[in-house]
Amino acid sequence: MKLASLKHGRDGKLVVVSDDLARCADATTIAPTLQAALDNWDQVEGDLRNLATDLGHETIPMLRFHERMAASPLPRAYQWADGSAYVNHVALVRQARGAEMPESFWQDPLMYQGGSDNFLGPRDPIPLADEAWGCDLEAEVVVVTGDVPLGASREEALAAVRLVGLTNDVSLRNLIPGELAKGFGFFQSKPASAFSPVFVTPDALGDWWRDGKLHRKLMVDLNGKPFGRAEAGEDMTFDFGTLITHAAKTRALGAGTIIGSGTVSNRDADGGAGKPVSEGGVGYSCLAEVRTIETIRGGKPETPFLKAGDTVRIWAEDDRHHAIFGVIEQIVGG
């Protein structure tokens, strides 16, 4: 089952979307918003699935699904916590800074709590007031949970996954060092994130969702050229069950909590840093990583951060090269 929110007020209007993303059906008689559906999942899931079946059989009133009319599936959320599950990415960034990486990073996930009061839609522009802030894309996988009890086990955590999707977790890289130096984490350096047009129930992903990971290639284009083709299911040190358990160690998580994977990152076939797509590698899911590799190899970064007019495109494909979650496509400062 695929769910989306059409732009409408603060919290959107819930629709069920066909598997091919061509059509949608109004679901507001079942739940007015996605958050309302998540709050009452046990009561409404069956009705939403029946609506999805009727949509697939084209036996109910339908609308064309236009991704430009879609808000983030959750236009705002009670909680957005982003992990760093691909430790390869963390190791590279710290290496470029000349910082030693603690061994604990391989056993205990990093996680921060981001702003969740106003997400960008999948085709909304990325606001950027100052290019000197170092605007970066970050292509990630996300899950949305139901209620998760305090101290949940990994099995309980995975059972609480209601939906899977993608995000562009925008970062302002040149603001990060000053914030981290204060010892109190990110704030100004993490502006609004954008999410894929649809979120998908794990069962609809079949074998692509297993062991708490999405086993699909995360596609990233920058200004119309291939930038990243990393395999989301590979080199993921911490699966989503582990990330959710980490978040719930000292507090319960409410329905509608979004948990991010962090930047998807693959090692090269020889075990070293990844190569650009143009050189036969799988590329990168953020600019910081390619700048890091350039710094390690040549002493300084060569690739610039995003500037006004740049276009970012993020998606994942099924076996027929159709977008599973729709496409995040954003212009910087547009």
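Before moving on, here are some points about what is shown:
- Relative contact order of the chain, defined on C-alpha pairs under 8 angstrom at six or more residues apart (%): 22 percent
- Solvent-accessible surface (1.4 angstrom probe) belonging to Ser153, in square angstrom, nearest 10: 40 Å²
- Counting charges near Ser5 (Lys, Arg +1; Asp, Glu -1) among other residues having Cβ under 11 Å from its Cβ returns a value of +3.
- The range 263-334, accessible area per residue, ligands and nucleic acids excluded (1.4 Å, Å²): 44 Å²
- Under Karplus coefficients 6.51, -1.76 and 1.60, residue-wise ³J(HN,Hα) of the range 130-140 in Hz, glycine/proline x: 8, 5, 5, 6, x, 6, 10, 8, 9, 8, 9
- The distance between label points at Asp117 and Asn174 comes to 2.7 nm (points 7 Å beyond Cα on the Cα→Cβ vector).
- Structure-based [θ]222 nm, the chain - -39500 (n - 2.57) summed over DSSP H runs of at least 4, per residue, nearest 500: -5500 deg cm²/dmol
- Surface per residue (accessible, 1.4 Å probe) for the range 135-252, Å²: 39 Å²
- Computed in the context of the full set of protein chains, the accessible area of the chain at 1.4 Å probe radius has 50% of its extent on carbon or sulfur.
- In this structure the range 39-128 gives 54 Å² per residue of accessible area when probed at 1.4 Å with all protein chains present.
- Amide H contacts under 5 Å for Arg210: His215, restricted to partners 5 or more places along the chain or on a different chain, H placed in the peptide plane at 1.01 Å from N.
- For Asp147, nonlocal amide neighbours, meaning residues 5 or more places apart or on other chains whose placed amide H falls under 5 Å from its own, are Ala255.
- Cα centroid separation, the range 14-48 to the range 132-209 (Å): 22 Å
- Accessible surface for His322 stands near 100 Å², nearest 10, in the context of the full protein assembly shown (1.4 Å probe).
- Added length on full extension, which subtracts the Cα-Cα distance from 0.36 nm per residue, Glu58 to Glu234: 59.6 nm
- For the pair Lys182 and Asn223, the difference between a 0.36 nm per residue extended length and the Cα-Cα distance amounts to 11.3 nm.
The values are calculated or read from the model by the stated rules, or taken from the named source; none is laboratory data. Model, not experiment: these values are computed from the prediction. Every residue, glycine as well, gets a Cβ built from its backbone with ideal geometry; the counts of neighbours run over all protein chains shown. Note: areas computed on protein heavy atoms with side chains; ligands, DNA, RNA excluded. Shrake-Rupley method; radii C 1.70, N 1.55, O 1.52, S 1.80 Å.
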